[in-house]
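Right, one structure below, let's go through it.
The values are calculated or read from the model by the stated rules, or taken from the named source; none is laboratory data. If you're wondering where the values come from, they're calculated on a predicted model, not measured in any experiment. No Cβ is skipped: glycine too gets one built from the backbone with ideal geometry, and neighbour counts run over all protein chains shown. To get the accessible areas, we keep the full protein, side chains included, count just its heavy atoms, and leave off ligands, DNA and RNA. Shrake-Rupley method; radii C 1.70, N 1.55, O 1.52, S 1.80 Å.
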Amino acid sequence: MLNKPVLVESLIVFIIVLFVHAVVWDRYSWCAVALAIQAFYVQFKWDHLLQLGGAVFQFRTAANSGLLPASMVIPLLGITMKERCKSAGIVYFERFGIVVASTGMLVALFLSVIAVGITKPVPANTCILTGVAGSIIIYTMKHSLTVSEVIEVLEVLLIFVYLSMILLYLLPRCFTPGEALLVLGGISFVLNQLIKRSLNVIEGRGDPIDFFLLVAVVGVVLLGLFFTVLFIFMDSGTWISSMFFHMMTAVLGLGVIMPWLYRLIQRNPLFWLLQFLFQTQTRVYLIVYWTFLAASACGIVFYQNAKRSSESKKHQASTITRKYFHFIVVATYVPGLIYDRQLLYIAAVLCLAVFIFLEYIRYFRIKPFGQTLRHLLSLFLDERDSGPLILTHIYLLLGMSLPVWLFPRSCAPKGALSGAGALVPYSGVLAVGVGDTIASVFGSTMGEIKWPGTKKTFEGTMTAIFAQIIAVALILIFDSSVNLNSSYAWILASVSLVSLLEAYTTQIDNLLLPLYLQIMFM
């Protein structure tokens, strides 16, 4: 029996795909449509495998596979980037967009082939659809990519295969297949870009800000893999192991990551960072303000844990309590987007590295803070934190930061796109900070009419749409760089579709919604 919420979720994704390609129809559109159709069929095979426990790895069980919405994100991002950079006349990034789109399609197709291959009996119709979609994609790639670009796409696919085998084995029940596609596909692409740029360093070429993101992501992933292997042979909870953890972190940071950054940016990374952070008075004010907000977030964690009595050890924080952090994140990002986006970019990278490092300390029970972090964060767990890692706060940071990191600055005249594209950096703020938060708060307190087959309410979704429209109006008032050029109907359609997707998706909405809103705005 077909799952109605999954059908509605798929319908919304198909509408978004058609909306995008109604504007930018070209040869890649045929590939995207073919990929969407085959992903729609294959995701039911994945769902069947998850229900029977027949998947190769252990995936998150409280959600469907999410293959269709995840499969379309990277290809659509690449296609929209290609069109934006083509209109700006930036050939290098136009080609880069084509590589991103091709890579996303091939990685998604690979995940589909796995599902078809391990399904017994072999689904003949789905095999035919997958073969047709694969043929269209490979034919288009053959006539669109140069030899070096084909090699780059295959390199990312190879990294994705190996990362999937390693991380999905080490981190059971942390991802759905769709979430694994997005997270591991993104890490694979970042790792390949870092290797490519490290081998082709040209002095003065490239923005140091971009290199910080690449090195930070790859550095924390390699750090986690190193300690995971190490603690197979050691008890991570002892003082000796903890001292070794901190010592090796310092050695890897100062002996590998810092020299790597130095090679890329051709200057001392610490001196450059200090100079960058305190370059203007505005940056100093923003850093002080963000420090106050970070202290407030820590205060909420301690206060909520203090309220937990000894008789209610199983007590969990309410939905409204968890949304306090969404309000704090909005208060963090909006001033950064208005006054200094480069500072926000670097601050988000540093915050991501700190979050992941603290998660390592909690997961490995590193003394003296590991057990304390386990106790403090256990209050804020929800059904999505079913694996050994707690990832929801990291997903929240990623959802807010990805539109800032992925904003095509080189293809934006004077640092801003026109029309709805001017709202691209605000996609995380609108989709997660405003839309998801308001939908959750109003839906849980005043919602009565539920969307069919879900726990989400009609009132929550409508309130979220209305709140995001108000937020857009406030952005227009306070950010002079935003010029929508009468694209209000497109913005309303984009916000409405993403809000409906929030009501029906069982994937990590903090990660998925900002990316789809960014695609629509671009």
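What figure, in Å² to the nearest 10, do you get for the accessible area of residue 239 with a 1.4 Å probe and non-protein molecules left out?
Taking all protein chains as shown, residue 239 has close to 150 Å².
Determine the sum of side-chain charges near residue 235: Lys and Arg each +1, Asp and Glu each -1, restricted to other residues whose C-beta is under 13 angstrom from that of residue 235.
+2
Quote the accessible area belonging to residue 448 in square angstrom, nearest 10, computed with a 1.4 Å probe and with ligands, DNA and RNA left uncounted.
Using a 1.4 Å probe on the heavy atoms, I get roughly 150 Å².
Counting Lys and Arg as +1 and Asp and Glu as -1, each charge on the Cβ, what is the dipole of the chain about the Cα centre in debye, to the nearest 20?
500 debye
Modelling each spin label as a point 7 Å along the Cα-to-Cβ direction, I'd like the residue 276/residue 162 distance in nm, to one decimal.
That separation, rounded to one decimal, is 2.8 nm.
Full-extension gain between residue 376 and residue 476, please, as 0.36 nm times their residue separation minus the C-alpha to C-alpha distance.
32.1 nm
With unit charges on the beta carbons (Lys and Arg positive, Asp and Glu negative) and the dipole taken about the Cα centre of the chain, which residue among 240, 130, 519 sits farthest to the positive side?
240
Using a 1.4 Å probe and counting only protein heavy atoms, arrange 45, 450 so the residue with the most accessible area comes first.
The most accessible residue leads, giving 450, 45.
Would you work out which of 392, 254, 106 lies farthest towards the positive end of the dipole of the chain? Charges go on Cβ: Lys and Arg +1, Asp and Glu -1.
Checked the options; the winner is 254.
With every protein chain kept in place and ligands, DNA and RNA left out, what is the accessible area per residue of the range 1-205? Probe 1.4 Å, answer in Å².
On the way: 9110 Å² over 205 residues.
Spelled out: the 1.4 Å probe surface of the range 1-205, per residue, equals 44 Å².
How much of the accessible area of the range 1-205, probe 1.4 Å, is carbon plus sulfur, in whole percent?
Numbers: 6300 of 9110 Å².
Carbon and sulfur together cover 69 percent of it.
Find how much the distance from residue 489 to residue 285 grows on full extension, using 0.36 nm per residue of separation minus their present alpha carbon separation; answer in nm with one decimal. Please report the intermediate quantities before stating the final value.
Numbers: separation 204, 0.36 × 204 = 73.44 nm, distance 3.68 nm.
Result: 69.8 nm gained on full extension.
By its C-alpha gyration tensor, with a ≥ b ≥ c as the square roots of the eigenvalues, how is the chain shaped: rounded for a/c under 1.5, else prolate for a/b larger than b/c, else oblate?
rounded
Gain in length, residue 238 to residue 321, computed as 0.36 nm per residue apart minus the alpha-carbon separation, to one decimal in nm?
So the extension gain works out to 26.5 nm.
With +1 on each Lys and Arg Cβ and -1 on each Asp and Glu Cβ, and nothing else charged, work out how big the dipole of the range 35-163 is about its Cα centre, in Debye to the nearest 20.
Result for the range 35-163 is approximately 160 debye, rounded to the nearest 20.
At 1.4 Å probe size, put 516, 324, 339 in order of accessible surface, largest to smallest.
Result, largest first: 339, 324, 516.
For n ≥ 4 DSSP H runs only, could you compute -39500 (n - 2.57) per run for the chain, divide by its residues and tell me the 222 nm figure to the nearest 500?
Working: 20 runs with 372 residues, N = 522.
Mean residue ellipticity, 222 nm, calculated: -24500 deg cm²/dmol.
Among all helices in the chain defined by DSSP H, which have a length of 20 Å or more along the axis from Cα atoms plus a Kyte-Doolittle mean of at least 1.6?
Qualifying helices: 4-23, 91-118, 147-170, 208-230, 458-478.
Give me the one-decimal nm value for the distance between modelled label points at residue 11 and residue 466, 7 Å along each residue's Cα-to-Cβ direction.
Once both label points are built, they end up 2.4 nm from each other.
How many angstrom lie between the C-alpha centres of the range 317-351 and the range 400-471?
14 Å
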